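First comes the structure, then the notes that go with it.
The values are calculated or read from the model by the stated rules, or taken from the named source; none is laboratory data. Keep in mind it's a predicted model, so treat the numbers as computed, not measured. Glycine also receives a Cβ, built like all others from the backbone with ideal geometry; neighbour counts cover every protein chain displayed.
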Amino acid sequence: MWYSLNKIYLIISRSYAKLKRLVRQSLAIAENDIILESRYKFSLFQYSVFPIIYLITPLIIINFVFTNIGNLGYWNQQNYILFLFLGYEVNVMRTFANDLPNNLYLEKFWKTFAAMMVSPINRFSILFGKFLAKIILVSAQVAFFLILCAIIYPCDPITFLIEVILLLVFAIIFISIGLFIGAFAISKENIWRLLEFCMFFIILFSALNYPLQLFPDFIQTFIRLNPLYYCIDFLRLVWIENDPIFSLCTHPMHVCVMIVTFILVPFIAVLTFDKVFKKFGIEGY
């Protein structure tokens, strides 16, 4: 019995030590990224301004549509601003998928990446460290637009909290996609550019900026095959319905796709990063 208890204690101690090391490494990476990003004032500026610029065209088009056509699904002239503002929040998170490969590419260019990789660092530390840095950098504008959404289209505190959690889920998904693409930014630059091009179409066919019903039928088919569509649509449905339990029960497809995406994408990203880096190393020096 004492042997079993001692074995359990050793397992817990080792797990705690690994977790502590993971947290320490993640915080160090986050601190380093925030310092580097702070050196470039325009980068901080673009985090908040560029996604707002992307709102202008959809705002003009959707306002015209609802003024002249009427409702599109559960969107109408009274709540389409919420549609756009929540789309803005996702757009902010989407920048993670582009920024992380660029950051890794710069580390390669500065010849600091190789030193980081030979150190005993967990790949999940890279993922969560980069994630934490990006969240801190965009927190002000994300909070501002969330509060603005709550003023324009009020919701219960529980719904608001669920929205915050869902946005964190989006952040993890997009930072993981960034790590996946970043592996090729380090090892195979031509594939990196191809993946960025593919990412553009994935976002285009996700109904991020325009309601699904606004697209032609054959385009809607492509959108319905895109996991990101269900994740984005669920984010908006939860706020509109203002009853998270009801939303969970009435949209099982959305919930399942979001859970599977949230679980699989980070693991696929980390595994791909390891495999690609070990096979091809650093290309372009």
(message) at pLDDT 75 or above, within 17 Å of the chain's Cα centre (by Cα) and either more than 24 Å from TRP239 (Cα to Cα) or in a helix (DSSP H, G or I) (or both): is that true of TYR88 in this structure?
(response) yes
(request) May I ask you to list the residues in the stretch 112-148 that are modelled with pLDDT of 70 or more and charged (D, E, K, R)? (result) LYS130, LYS134
(request) Report, by residue number, each residue of the stretch 246-266 that is more than 24 Å from ILE158 (Cβ to Cβ) and surrounded by 14 or more Cβ atoms within 10 Å (Cβ to Cβ). (result) VAL265, PRO266
(request) Name the helices (runs of 4 or more DSSP H) wholly inside the stretch 128-245 in which the number of residues that are touching a Ser or Thr at 6+ places or on another chain (Cβ under 7 Å) and either touching a residue at least 12 places away in the same chain (Cβ under 8 Å) or crowded, with 18+ Cβ neighbours inside 10 Å (or both) is 2 or more. (result) 157-187, 227-241
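A quick yes/no check of all residues on (1) over 18 Å from the mean Cα position of the chain (by Cα); (2) of a type in the set (Gly, Ala, Ser):
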| residue | (1), (2) |
| --- | --- |
| ILE126 | no, no |
| ILE135 | no, no |
| ALA140 | no, yes |
| PHE145 | no, no |
| ALA150 | yes, yes |
| TYR153 | yes, no |
| GLU163 | no, no |
(message) ILE191 - would you say it is aliphatic (A, V, I, L, M), out of contact with any strand residue (DSSP E or B) (no Cβ under 9 Å at 6 or more places or on another chain), within 22 Å of LEU264 (Cα to Cα) and at pLDDT below 90?
(response) yes
(request) Determine which single condition GLN78 fails, assuming it passes every other condition in (1) in a helix (DSSP H, G or I); (2) at pLDDT 80 or above; (3) loosely packed, with under 12 Cβ neighbours inside 10 Å. (result) (1)
(message) Quick test of your reading of the structure: LEU106 fulfils all but one of (1) closer than 26 Å to PHE234 by Cα; (2) at pLDDT below 90; (3) of a type outside the set (Val, Ile, Thr). Name the failing condition by number.
(response) (1)
(request) Taking only the stretch 261-283 into account, find how many residues are touching a residue at least 12 places away in the same chain (Cβ under 8 Å), over 26 Å from LEU146 (Cβ atoms) and of a type outside the set (D, E, K, R). (result) 10
(message) Looking at the stretch 267-276, can you tell me whether even one residue there is surrounded by fewer than 18 Cβ atoms within 10 Å (Cβ to Cβ), more than 21 Å from ILE202 (Cα to Cα) and of a type in the set (Lys, Arg)?
(response) yes
